[in-house]
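The values are calculated or read from the model by the stated rules, or taken from the named source; none is laboratory data. Since the structure is predicted, the reported quantities are computational estimates derived from the model, not experimental observations. Because the Cβ atoms are built from the backbone with ideal geometry, glycine has one as well, and the counts that use them run over all protein chains shown.
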Amino acid sequence: MDDSAPRASRPAPDGRRRMSFMQRLRANLPFGHGLGISGKDVERLVNDSGADLWHVHAITRRNFRRHACVACDWLASALPRDAAIFEIACGSGANLLWLAQKGFSRLYGIDIAPQAVRLSRELASLQGVALNVRVDNALSPSFGEAQAGKPGVPPVFDGILSLTWLYYIPGVELAEFLRIWRPYLGQGGIIVFEMITRRYDSIPNNQYHTDDWGLPASRRRPSEYRMRLDKSEVQRAAEQCGYTHLRSLRLMTIITGKPEREVHMLRRAPDA
Ligand SMILES: C[S@@+](CC[C@H](N)C(=O)[O-])C[C@H]1O[C@@H](n2cnc3c(N)ncnc32)[C@H](O)[C@@H]1O
């Protein structure tokens, strides 16, 4: 396991995990998650696929996306290497590629953008990795049905990853998302995602889109950060939807105006 991974955090009597100060510090340091793909290759493949330029940043500056790194570390330490892992809104597949480098081989993902799916396939082929990625809408997924009966595709997954997309979608609630994806998790399966915390509510101009902060107020669009939830709210939604909240970590925000992110890990609770 790489050096930035939070190792062997102490299980509390209830099975939940607590991180030591050193583990929390390490989780914030930008190491251990590079993909070893050259910037030139990334730019070429992003351009060729027509995918959003954001993916160049997500891949080449991956070490600085600590929420993604922590979420992947948690999955990698919680699951055996033969676990089936599924990423919702996987974009370029960078998180799945990192998991592949850590020895996981049953890796699946969906994204609504065909260009992103094309990019993830190209990157996977560049790295000699097998990813099963396809176009699908994470708010009304057909992945299970479309794949049913195909060899090698599990009906449910051991781990699900969901990063940097849900809170941008207007009108969606966390509980709705958790209910949609619960049937795709096997008994005891885990889901890891990150959330913008309510601390962002107190940042000046937080109600406006960050790209519009320099414009007159009348011309600004609403904030891109539509959903902001604190831990207690995530815990409540988890309980209502048949999950146990296992752990969470608030990441440090050094740049003023950037939203604070908190990574959460839930386990599918047994059916009532
Ligand atoms: C900011 S990117 C994050 C990609 C990836 N999760 C990561 O962390 O690198 C957001 C991704 O969410 C995808 N997306 C947005 N809405 C979606 C939906 N309803 N279903 C599936 N994917 C969606 C976008 O196409 C985009 O690739």
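So, in region 24-39, exactly how many residues are charged (D, E, K, R) and surrounded by fewer than 16 Cβ atoms within 10 Å (Cβ to Cβ)?
The number of residues fulfilling the criteria is 0.
May I ask you to list pairs of residues, at least six apart or on different chains, whose Cβ atoms are under 6 Å apart, with the first in region 81-95 being in contact (Cβ under 8 Å) with a residue 12 or more places away in the chain and the second being in a strand (DSSP E or B) and among the polar types (S, T, N, Q)?
Going by the 6 Å Cβ cut-off, the qualifying pairs are Ile88/Ser162.
Looking at (1) modelled with pLDDT of 95 or more; (2) in a loop (DSSP other than H, G, I, E, B), find the lone condition where Pro155 falls short.
Here Pro155 clears every test but (1).
Tell me yes or no: at least one residue of region 76-96 is touching a Cys at 6+ places or on another chain (Cβ under 7 Å) and not hydroxyl-bearing (Ser, Thr, Tyr). Write out each step before concluding.
Just the residues of region 76-96 that are touching a Cys at 6+ places or on another chain (Cβ under 7 Å), to begin with: 95-96.
Checking the rest, the ones that are also not hydroxyl-bearing (Ser, Thr, Tyr) come to 95-96.
Yes: one or more hits.
Search region 153-182 for residues that are farther than 22 Å from Cys72 by Cβ and pair each with any residue that is within 14 Å of the ligand (Cβ to nearest atom) when their beta-carbon atoms are under 6 Å apart and the residues are at least 6 apart or on different chains.
Pro170/Arg226
Suppose the filter is more than 25 Å from Met19 (Cα to Cα), under 12 Å from the mean Cα position of the chain (by Cα) and among the aliphatic types (A, V, I, L, M); does Ala94 pass it?
Yes; evaluated as a whole, the condition is true for this residue.
Just wondering, is there one or more residues in region 42-63 that are modelled with pLDDT under 95, touching a His at 6+ places or on another chain (Cβ under 7 Å) and not acidic (Asp, Glu)?
yes
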